[in-house]
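Following: one structure in structure tokens, then a few remarks.
Where a number appears in this text, it was derived from the coordinates with a stated rule and is not lab data. Note that this is a predicted model, so its numbers are computed, not measured. Virtual Cβ from ideal backbone geometry, glycine too; neighbours counted across all protein chains shown.
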Amino acid sequence: MSGFAIEIQDLHKTFRVGWHRIPIRALDGISLAVSQGEVFGLLGPNGAGKTTLVKVLLGITRPQAGRAEVLGLPVGNVPSRGRMGYLPEGHRYPLHLTGEGVVRWFARLSGVRGAQIGPRARRLLERVGLTRWSGVRLRKYSKGMVQRLGLAVALIHEPEVLFLDEPTDGVDPVGRAEIRKILQEEKQRGTTIFINSHLLSEIERTCDRVAILSQGRILRCGTVSDLTDRGLDYRVEAGTVAPAVVEAIRANGTPVEATNGCLHLRVPSLERLNACLDSLRSAGCLIRQVTPERSTLEESFIQILGEEETRP
Amino acid sequence: MMKLLAVVDGTIRESMAKFTFLAFALMSTLMLLVVTFAVNLDVVDGALAAARLFGQDIHLGGQRIAIDELVSGIQTGLAGFVFGVGLFLSIFATANLVPVMLEKGYVDLLLSKPLSRPALFLGRYLGALSVVGFNLLYLVVGVWVVLGVKTGIWKPGLLKAGGIILLTYAIFLGFMMMVGVFTRSSSITIMLSYFLFPLTLFLFFRDNLTVMLTHKWAIFILDGLYWILPKVHEIGMILGSLALGKPVGSLAPLLSSALFGAGCLALGTLYFTRKDY
């Protein structure tokens, strides 16, 4: 046992489209490992290959080269799909069924035993906040409600690995918070969660680790703080600082900007930071707070993609 | 097996939710009600003495009509009607079966389930066949029982004809499944399925045409198409013979047509199994 729920090595997938069979490289040598019980986020612009990767992991699409395993079994293994849950982007359910009918039908397709189906379906519909709507046909559902129902369908067979493609798409802020709560509960249960999303703030709040995918390649992978860390940039709150003090710090070779009683310092080492703080203190400044400066995930995402585009 | 049954059940429910099948069931019910309550037959010494439709006497012209011949006639007429109209409606109602399944967002969900692709495809096929089978059973067995009770004649012709109609639908369904999975289009599936009817009729009369053809390859193609495609006209004749209780000459057209349906289903399954979605 490797301890990884998902293991991918050098995965390639090229689609051929149109009459001229023009090749579109969707996955270009992806290698990745997701630990059991981890919440992993996959970010990328449209057409980056996020959905293709998930489809390969679920056996819906076949790779041309490389190796991929989910729960220690090669992708495409039919019985292992019973241990995975999936919420696709833009999912569609039979409109003639009620919400409970949909959950029950997919429970049967997932191999849930008869006696367990009813209680589980009712419990899940309650968790996603659809109890009141469980007997209503799907054609009456709003987009957000269908999204919640999709989550219930993905969870009905208590999967060990959960793949979610844009799980909060069309869901209002309250619904998003509820979905986040459910994902936290699933994480506590030990479920490995793999999320594709454009909503970077959601990913930032939910995921343990994140990978940025572009043109079928992983550009960066790490924890959210790894990706948002800007090195030794600090924000120092020190009330009013005399311009002469700021000039003195700058004269020492430390780039510094003063705005609204805050100093933004870029230092080469912690020793230099402390030397700067000493200068401030000796000038009589009262230091209230020193915090490392971080980018938002969105800023990092845009920066990483920008770097990739400018690469020769 | 449980998952396969879930696919069959899902397909049945999906089909039953359609207006076409509701109309089909209503027509069957109406026909049963007419045969039960509106048709009155007085039988004396094995012959029809008087007949009334909606309370109005039907003039028999002083002829002696044997009741078993009358029953055979009614059964054959009904079999012919269901063979034409029933098949037409069934094809129309189930043509979107595969295109709907292949819609983005639905096929992904189905393929992510622990069910093999051939089982999923076959489940869909069996589901559609079951719905049409139920409807057919309801109408054919219903009319057969009512006629039997009213006349005391229990000829199995109509039941046999019902079996042939279901088999013919099964052949067309195999073709529709194949076209559906290749084109993902309900309208193309309907058009091609309906086109098979006149095409096979044309091929049945190909001998009249081949005398005018000079190229051997053209005759070869026509003959080839005749043997490959289902033989709807000949199946209709077999159906008529069975309904009338007459001996059937050869079952070869039926068997070769069944082979066509099975081949289409196998080809569709193979394509569905290999395709990326």
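Just checking the listed ones, A:ARG217, A:ARG266, A:ARG120: in the Gaussian network model of chain A with Cα springs under 10 Å, the one fluctuating most is A:ARG266. When chain A is treated as a Gaussian network with alpha carbon springs shorter than 10 Å, the biggest mean-square fluctuation among A:VAL161, A:VAL78, A:VAL34 belongs to A:VAL78. Straight Cα distances below 28 angstrom link B:LYS246 to the lysines B:LYS150, B:LYS155, B:LYS160, B:LYS231, with same-chain residues fewer than 8 positions distant left out.
Once you order the gyration tensor axes a ≥ b ≥ c over the Cα atoms, which shape class does region B:155-243 get: rounded for a/c under 1.5, otherwise prolate or oblate by comparing a/b with b/c? In terms of gyration-tensor shape, oblate. With each label modelled as a point 7 angstrom along the Cα→C-beta vector, the A:SER35-B:VAL141 pair spans 6.1 nm. Dimensions of the protein assembly as shown along the principal axes, based on C-alpha atoms and rounded to the nearest Å, stand at 131, 63, 43, largest first.
When the square roots of the Cα gyration tensor eigenvalues are ordered a ≥ b ≥ c, the ratio a/c for region A:170-218 is 1.5 or more and a/b does not exceed b/c, which makes its shape oblate. For region A:239-287, what ratio Rg/Rh do Cα atoms give with a Kirkwood hydrodynamic radius? In region A:239-287, Rg relative to Rh is 0.91. Taking a straight line from the alpha carbon of B:LYS216, these aspartates and glutamates sit under 19 Å away, with near neighbours fewer than eight places off in the same chain left out: B:ASP207. Taking every C-alpha pair closer than 8 Å and separated by at least 6 residues, the mean separation divided by the residue count of chain B gives a relative contact order of 25 percent. Close amide H contacts of B:ALA49 (hydrogens built in the peptide plane, cut-off under 5 Å, sequence separation of 5 or more or a different chain): B:ASP42, B:VAL43, B:VAL44. Over the residues of chain B, the helix contribution to mean residue ellipticity at 222 nm works out to -23500 deg cm²/dmol, using -39500 (n - 2.57) for each DSSP H run of at least 4. Modelled label positions at A:HIS264 and A:SER282, each set 7 Å beyond Cα in the direction of Cβ, lie 2.7 nm from each other.
The spacing between region A:184-210 and region B:186-234, judged by their C-alpha centroids, is 59 Å. Taking every full run of DSSP H in chain B, the ones that stretch at least 27 Å from end to end by Cα along their long axis and average 0.5 or higher on the Kyte-Doolittle scale are B:117-151, B:157-183, B:186-204, B:252-274. When each full DSSP H helix of chain A is screened for a Cα extent of at least 15 Å along its own axis and an average Kyte-Doolittle hydropathy of at least 0.5, the helices passing are A:143-155. Relative contact order, whole percent, for region A:4-226 stands at 29, derived from Cα pairs under 8 Å and 6 or more residues apart.
Pairs of lysine residues in region A:4-226 that meet both criteria, 8 or more places apart or on different chains and Cα atoms under 29 Å apart, total 11. Taking the Cα centre of the protein assembly as shown as the origin and placing charges on Cβ (Lys, Arg +1; Asp, Glu -1), which of B:SER241, B:SER193, A:PRO173 is farthest toward the positive end of the dipole? It is B:SER241, whose Cα lies furthest towards the positive end.
When the Cα gyration tensor is reduced to axis lengths a ≥ b ≥ c, the ratio a/c is 1.5 or higher for chain B, and with a/b not above b/c it is classed as oblate.
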